[in-house]
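Written out below as structure tokens is the structure these notes cover.
The values are calculated or read from the model by the stated rules, or taken from the named source; none is laboratory data. Just so you know, these numbers come straight off a predicted model, no measurement behind them. In this analysis, Cβ positions are derived from the backbone assuming ideal geometry, glycine residues included, and neighbour counts consider all displayed protein chains.
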Amino acid sequence: MVKSISILGSTGSIGTQTLDIVSQYPDQFRVVGLAAGNNIERLAEQIRQFQPEIAATYYEEKLPQLKEALADLPELPILLAGAEGVAEVARYGDSESVVTGIVGCAGLLPTIAAIEAGKDIALANKETLIAAGPVVLPLIEKHGNKLLPADSEHSAIFQCLQGVPDGGLRRIILTASGGAFRDLPVEKLSSVKVEDALKHPNWSMGKKITIDSATLMNKGLEVIEAHYLFGLDYDRIDIVIHPQSIIHSLIEVQDTSVLAQLGWPDMRLPLLYALSWPERIYTDWEQLDLVKAGSLTFREPDHQKYPCMNLAYAAGRAGGCMPAVLNAANEQAVALFIEEKIKFLDIPHLIEKACEGFSGQNIQNPSLDDILEADRWSREAIVKASEQLDRKDSLISLS
Ligand code: MG
């Protein structure tokens, strides 16, 4: 049985690794739709190779370039552009599963379109759930779709949970590699550069998530993601630093037994499971060799050095729109850092100010519009605050 899938963010890290799986296992998967941003050359190559029925670029102005790049094809797929074009790819045709690999909150609306069209979601875009958990989860319930985690930690938890009865889960232990600066003394963090932050020790990922790993905000965001996916309170979700990234996360069940999922750090594994669940597909990928892996070590995360984790726990506990504010603040601050407009340590500082500034207006059970508005507010607050960074005391009020 060939499974039909569509991929949002097809030219990014998640998208290309998913297509790598499709090209290795063409008897298992078929591509119905592809959506990408501005990498038109790669999107055109992908369309030639995988022959989807529909494709879109997020950028309206790039559509002529895409059409031109494919002009010699005897038969063109439906070609669309803009946010609505991407949403159309998400809901189009007979795809059973949509892989959401669009970075950031931009993935939210097409993910909602896919859910409303009855597709299962292979969730590689954690921001969708973090910003809009209170809207996405009831929608999933209403439409009866499956939300299958493709984030490696959440895939590990999900894999460990197979066979655990309802109510059996007691605690989640998320593992963290520690990111690019795990061995750097805290006093050196103030002077690190963008290129330093982009060197991830274990995983090959996109820019934004690699910076998030260096600040450990990625792990903080994953705590919120785990809360929404698996329904545990925040005080039952822990983080442990595990530099080798061989154990991808663990669960503790009611009797204190602990289950873990292990493997080489390779995003294709959680992606494949999100697509094949509940089946297990044979692969010829390198098998885990524990002797070669050597020692597996663990240590406590340093909350002084990495304040983003505590900011995420606090935003998660505040609930409502606050995770959306945290997430948007982080996206905006990371973008400013990549543009070299702010320093590394400004990232947590600005996010904290945005969350503080919003706390008086937070509401529980927000609508999608409330969430989008909180997202917009937060990005604006970060930009404003970043422009005032030299004058330290002007940061105090953001509201
Ligand atoms: Mg992860």
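Given the condition surrounded by fewer than 18 Cβ atoms within 10 Å (Cβ to Cβ), small (G, A, S) and within 27 Å of G294 (Cα to Cα), answer yes or no: does some residue in region 240-259 qualify? So far as region 240-259 goes, yes, one or more of its residues are surrounded by fewer than 18 Cβ atoms within 10 Å (Cβ to Cβ), small (G, A, S) and within 27 Å of G294 (Cα to Cα). Only residues that are in contact with a strand residue (DSSP E or B) (Cβ under 8 Å, 6 or more places away or on another chain) and assigned to a helix (DSSP H, G or I) were counted across region 110-135, and they come to 6. Suppose the filter is out of contact with any Lys or Arg (no Cβ under 9 Å at 6 or more places or on another chain) and free of Cβ contacts under 8 Å to residues at least 24 places away in the same chain; does E41 pass it? Spelling it out, it is not the case that E41 is out of contact with any Lys or Arg (no Cβ under 9 Å at 6 or more places or on another chain) and free of Cβ contacts under 8 Å to residues at least 24 places away in the same chain. Restricting the first member to region 215-240 and to residues that are closer than 27 Å to D183 by Cα, and the second to residues that are more than 15 Å from the ligand (Cβ to nearest atom) and modelled with pLDDT under 95, the beta-carbon pairs closer than 7 Å and six or more apart or on different chains are T215/Y306; L216/Y306.
Among residues of region 306-330 that are closer than 15 Å to F358 by Cβ, those with a beta-carbon under 7 Å from a residue that is of a type in the set (K, R) at least six positions away or on a different chain give the pairs A328/R379.
Only one entry of A83, A106, A44, A90 meets the criterion of being under 18 Å from the mean Cα position of the chain (by Cα), part of a helix (DSSP H, G or I), over 17 Å from S4 (Cβ atoms) and not hydroxyl-bearing (S, T, Y), and that entry is A106. Counting only strands (runs of 3 or more DSSP E) that fall entirely inside region 161-280 and contain at least 3 residues that are more than 16 Å from the ligand (Cβ to nearest atom), the qualifying elements are 169-176.
Scanning region 136-160 for residues that are in a strand (DSSP E or B) and within 15 Å of the ligand (Cβ to nearest atom) returns L148, P149.
Of the candidates E127, E187, E116, E141, the single residue that is at pLDDT below 95 and surrounded by fewer than 17 Cβ atoms within 10 Å (Cβ to Cβ) is E187.
Taking first residues from region 138-162 that are closer than 13 Å to L229 by Cβ and partners that are away from the ligand (no atom under 14 Å from the Cβ) and assigned to a loop (DSSP other than H, G, I, E, B), the Cβ contacts under 6 Å between residues at least 6 apart in sequence or on separate chains come to L148/W277.
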